[in-house]
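The values are calculated or read from the model by the stated rules, or taken from the named source; none is laboratory data. Fair warning: this is a prediction, and the values are worked out from it, not measured in the lab. Cβ: placed from backbone, ideal geometry, glycine included. Neighbour counts: every protein chain shown.
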């Protein structure tokens with residue numbers, strides 16, 4: 001029996017409204033595709049005398065990027081790049097994500113009109129990746145899904161499917177979710193406002209949050225609690241044969 | 001203008017550039033005049049030395065007053081204009097126009113305000129490469145941040161350089177140092193215990209099913225595309 005079966009209908013707690021982000025809440029955020037080899041966008045004017053039209057080349061990052069160097073081309077005004085700055089290009093996809101940190105960097109008075117500043121009320125979110133299917137070949141395999149349901153990997157946590165029955169007219173942001181895997185190895189920081197972050201009126205239950213908290217801490221070097229170690233032993237003993245590693 | 005007049009400032013910048021072995025092209029000279037204004041604005045509440053109306057042109061900050069001053073200098077004989085490159089129409093964009101002083105004037109070095117010492121540093125660093133000079137002006141000067149071509153530059157954005165006066169921490173009392181030593185030792189022990197406890201919490205296998213079953217991120221192919229930017233006032 002995997003974790004999703006164990007929690008069953010108690011995996012989620014619906015929220016009456018989106019409200020202020022809370023731990024364990026779901027959101028939709030753009031998640032970058034982290035290429036092993038980053039790409040840099042190099043801008044070049046089409047005509048030397050105009051900023052209006054630029055030819056942008058995206059090329060693999062090399063040792064000359066992010067350094068002071070002899071530029072042969074005139075810069076592009078709208079890129080606003082300093083001498084050791086570059087534009088990085090990557091693909092991204094809007095995915096569900098689980099809020100695992102809130103408000104950690106907010107100082108000052110709430111509601112105060114803030115000047116442009118490094119201080120931001122960013123959320124820490126763990127993106128959710130889906131199951132491989134005919135429609136999406138880039139998802140996790142069913143063997144990995146099974147292993148994650150049994151907590152075999154510290155960087156992954158299972159997320160149950162959710163069938164939304166509430167109307168989005170009455171519950172802004174309400175939506176259904178497919179089963180997925182929460183990825184601690186893709187943690188990212190987002191500002192909690194649309195379009196970069198659309199909150200969902202749904203969070204994982206307190207029991208799931210407690211387990212998720214224990215797994216996340218373990219992923220970040222904390223010692224696993226006795227309860228977590230025992231839980232993993234129980235789940236591992238129930239791992240289906242197809243998902244067991246070859247011995 | 002109290003600190004220095006625009007004629008002396010322009011002539012002083014040319015003298016500095018020649019002293020550094022740099023060609024005082026019109027584009028570079030305009031940019032160093034802009035940087036002189038910026039440096040003044042940074043420490044004088046946003047006020048510029050020249051009070052000129054700077055805006056963003058195809059080659060970065062430019063002021064009509066600067067170009068008029070150059071013309072005036074040539075007419076009155078305190079500037080000498082030169083040009084290199086092709087004369088025909090097809091090569092007009094490769095032609096460089098610049099200015100020199102009719103004769104050396106050592107007093108100009110004395111006339112330059114100490115506040116502009118930073119401009120001379122930038123001259124040494126970027127003065128022999130117009131692309132590098134423009135990249136610095138575009139990316140690292142406050143009035144140029146987030147402006148569109150044709151927009152008038154706002155020097156009230158200029159801020160003093162540097163982090164402000166250094167804040168020194170007082171030496172810690174011996175008693176507190178001892179206490180911190182004890183706490184660090186405790187934290188080290190906790191960390192070691194955590195590592196030891198984690199060692200028994202093995203991860204799942206990195207076998208063929210793992211390697212095949214975890215999504216991979218595609219690499220992008222190299223390529224290029226055309227971007228069109230709006231001008232100031234465009235929707």
Being surrounded by 15 or more Cβ atoms within 10 Å (Cβ to Cβ), part of a helix (DSSP H, G or I) and at the interface with chain A (Cβ under 10 Å from one of its Cβ atoms) is the filter here, so list the residues in the range B:126-165 that pass it. B:126, B:130, B:132, B:133, B:134, B:135, B:136, B:137, B:138, B:139, B:140, B:144
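Among the residues of the range B:104-113, what is the count of those that are within 13 Å of residue B:49 (Cβ to Cβ) and in a helix (DSSP H, G or I)? Spell out how you get there, then give the answer.
Initial filter on the range B:104-113 (within 13 Å of residue B:49 (Cβ to Cβ)): B:111-113.
If we keep only those that are in a helix (DSSP H, G or I) too, we end up with B:111.
Count: 1.
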Pair list, Cβ < 8 Å and 6+ apart or interchain, from the range B:213-231 residues that are within 30 Å of residue B:57 (Cα to Cα) and at the interface with chain A (Cβ under 7 Å from one of its Cβ atoms) to residues that are at pLDDT 75 or above and surrounded by fewer than 14 Cβ atoms within 10 Å (Cβ to Cβ): B:226/A:46; B:226/A:53; B:227/A:53; B:228/A:53; B:229/A:53
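Return the residue satisfying two criteria in turn: it lies in the range A:61-88 and is at the interface with chain B (Cβ under 7 Å from one of its Cβ atoms) and outside any loop (DSSP other than H, G, I, E, B), and of such residues it is modelled with the lowest pLDDT.
Narrowing the range A:61-88 to residues at the interface with chain B (Cβ under 7 Å from one of its Cβ atoms): A:70-75, A:77-78, A:80-83, A:85.
Restricting the remaining residues to those that are outside any loop (DSSP other than H, G, I, E, B) gives A:77-78.
Working: A:77: 85, A:78: 82.
Of everything passing the filter in the range A:61-88, A:78 is modelled with the lowest pLDDT.
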Can we say residue A:40 is more than 9 Å from chain B (Cβ to nearest Cβ) and not in a loop (DSSP other than H, G, I, E, B)? yes
Any hit, the range A:10-26, residues being buried (at least 17 other Cβ atoms within 10 Å of the Cβ), within 14 Å of chain B (Cβ to nearest Cβ) and either assigned to a loop (DSSP other than H, G, I, E, B) or modelled with pLDDT under 90 (or both): no
Here are some residues: B:175, B:118. Which one is under 20 Å from residue B:52 (Cβ atoms), more than 9 Å from chain A (Cβ to nearest Cβ) and part of a helix (DSSP H, G or I)? B:118
Boolean, residue A:210 is assigned to a helix (DSSP H, G or I) and either more than 10 Å from every other protein chain (Cβ to nearest Cβ) or more than 30 Å from residue B:199 (Cβ to Cβ) (or both): yes
When you scan the range B:51-71, how many residues do you find that are in contact with a strand residue (DSSP E or B) (Cβ under 8 Å, 6 or more places away or on another chain) and over 25 Å from residue B:230 (Cβ atoms)? 1
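To keep it simple, each residue is scored yes or no on (1) touching a helix residue (DSSP H, G or I) at 6+ places or on another chain (Cβ under 8 Å); (2) modelled with pLDDT of 95 or more.
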site: B:19; (1), (2): yes, no
site: B:31; (1), (2): yes, yes
site: B:53; (1), (2): yes, yes
site: B:57; (1), (2): no, no
site: B:83; (1), (2): no, no
site: B:90; (1), (2): no, no
site: B:97; (1), (2): yes, no
site: B:114; (1), (2): no, no
Residues of the range A:129-169 that turn out to be touching a residue at least 60 places away in the same chain (Cβ under 8 Å) and part of a strand (DSSP E or B), as a count: 3
Inspect the range A:91-109 for any residue being surrounded by fewer than 18 Cβ atoms within 10 Å (Cβ to Cβ), at the interface with another protein chain (Cβ under 8 Å from one of its Cβ atoms), in contact with a helix residue (DSSP H, G or I) (Cβ under 6 Å, 6 or more places away or on another chain) and part of a loop (DSSP other than H, G, I, E, B) and give the result as yes or no. no
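Conditions (1) within 22 Å of residue B:97 (Cα to Cα); (2) buried (at least 19 other Cβ atoms within 10 Å of the Cβ), marked per residue:
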{"site": "B:12", "(1), (2)": "yes, yes"}
{"site": "B:16", "(1), (2)": "yes, yes"}
{"site": "B:20", "(1), (2)": "yes, no"}
{"site": "B:30", "(1), (2)": "yes, yes"}
{"site": "B:34", "(1), (2)": "yes, yes"}
{"site": "B:47", "(1), (2)": "no, no"}
{"site": "B:50", "(1), (2)": "no, yes"}
{"site": "B:54", "(1), (2)": "yes, yes"}
{"site": "B:58", "(1), (2)": "yes, no"}
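Residues are listed down the side, and each one gets a yes or a no for (1) modelled with pLDDT of 90 or more; (2) under 30 Å from residue B:46 (Cα atoms):
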{"position": "B:119", "(1), (2)": "yes, yes"}
{"position": "B:128", "(1), (2)": "no, yes"}
{"position": "B:144", "(1), (2)": "yes, yes"}
{"position": "B:147", "(1), (2)": "no, yes"}
{"position": "B:166", "(1), (2)": "no, yes"}
{"position": "B:180", "(1), (2)": "no, no"}
{"position": "B:191", "(1), (2)": "no, no"}
{"position": "B:196", "(1), (2)": "no, no"}
{"position": "B:209", "(1), (2)": "no, no"}
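What number of residues within the range A:219-247 satisfy the criterion of being assigned to a helix (DSSP H, G or I) and either out of contact with any helix residue (DSSP H, G or I) (no Cβ under 7 Å at 6 or more places or on another chain) or over 10 Å from residue A:151 (Cβ atoms) (or both)?
We begin by selecting, within the range A:219-247, every residue assigned to a helix (DSSP H, G or I); these are A:219, A:226-237, A:241-243.
Keeping just the survivors that are either out of contact with any helix residue (DSSP H, G or I) (no Cβ under 7 Å at 6 or more places or on another chain) or over 10 Å from residue A:151 (Cβ atoms) (or both) gives A:219, A:226-227, A:229-234, A:236-237, A:241-243.
Result for the range A:219-247: 14.
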Conditions (1) in contact with a strand residue (DSSP E or B) (Cβ under 7 Å, 6 or more places away or on another chain); (2) in contact (Cβ under 8 Å) with a residue 12 or more places away in the chain -> residue B:128 fails only (1)
